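Shown next, in structure tokens, is the structure this report addresses.
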Amino acid sequence: VFLPLQLFGTIVWILVASTRVPLPLLQGWVMFVAVTAWFLSIAFLSVFLFGYANRIAVNWNQMDFIFHGATFVFYFGAFLLQAATTSLHHFPRKFNATTQDRILNGHEYNISIAASV
């Protein structure tokens, strides 16, 4: 489970970072969740790879369940915020402007959809 988490976490970083950030608070939380989950899963994987799991007296099945449960909750919240940002695609950047400059252009809209998924 750790390797797909690393792969998809890295993809989320790349996709969110490659878009223009129309709502920094929302997409900042998405990046925080992706970066934190990525680093924590690296640390969790390192515990098992280097054999520290045998030295630390912890119920590792329960720790694994708690870690992935919390990661799921935070990633689901990040998905909702990224999807909310994506849904603002059709709104103009400035409501009083005469030009129709959108919050996300077509390319950024597609990237934001991919980051949501």
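Kindly report the accessible area of the range 1-92 per residue (heavy atoms of protein chains, probe 1.4 Å, no ligands, DNA or RNA), in Å². Could the numbers behind the result be given before it?
Numbers: 5830 Å² over 92 residues.
On a per-residue basis, the range 1-92 sits at 63 Å².
Quick one: order V117, V16, V73 from most to least accessible surface, probe 1.4 Å.
Largest to smallest exposure gives the sequence V117, V73, V16.
Compute the length gained on full extension between A57 and L25: take 0.36 nm times their separation in residues and subtract their Cα-Cα distance, giving the result in nm to one decimal.
Numbers: separation 32, 0.36 × 32 = 11.52 nm, distance 3.92 nm.
This chain segment gains 7.6 nm when fully extended.
Can you give the accessible area of I14 in Å² (nearest 10), computed on protein heavy atoms with a 1.4 Å probe?
Counting only protein heavy atoms, the figure is 100 Å².
How large is the accessible surface of T85 in square angstrom, using a 1.4 angstrom probe and rounding to the nearest 10?
Counting only protein heavy atoms, T85 exposes about 0 Å² to solvent.
Which three semi-axes in whole Å describe the equivalent ellipsoid of the range 1-92, each the square root of 5 times a Cα gyration tensor eigenvalue, listed largest first?
Numbers: eigenvalues 203, 32, 15 Å².
Ellipsoid semi-axes (Å, largest first): 32, 13, 9.
The values are calculated or read from the model by the stated rules, or taken from the named source; none is laboratory data. Values in this document were obtained by computation on a predicted structure and should not be read as measured data. Surface accessibility is based on the protein's heavy atoms, side chains included, excluding ligands, DNA and RNA. Shrake-Rupley method; radii C 1.70, N 1.55, O 1.52, S 1.80 Å.
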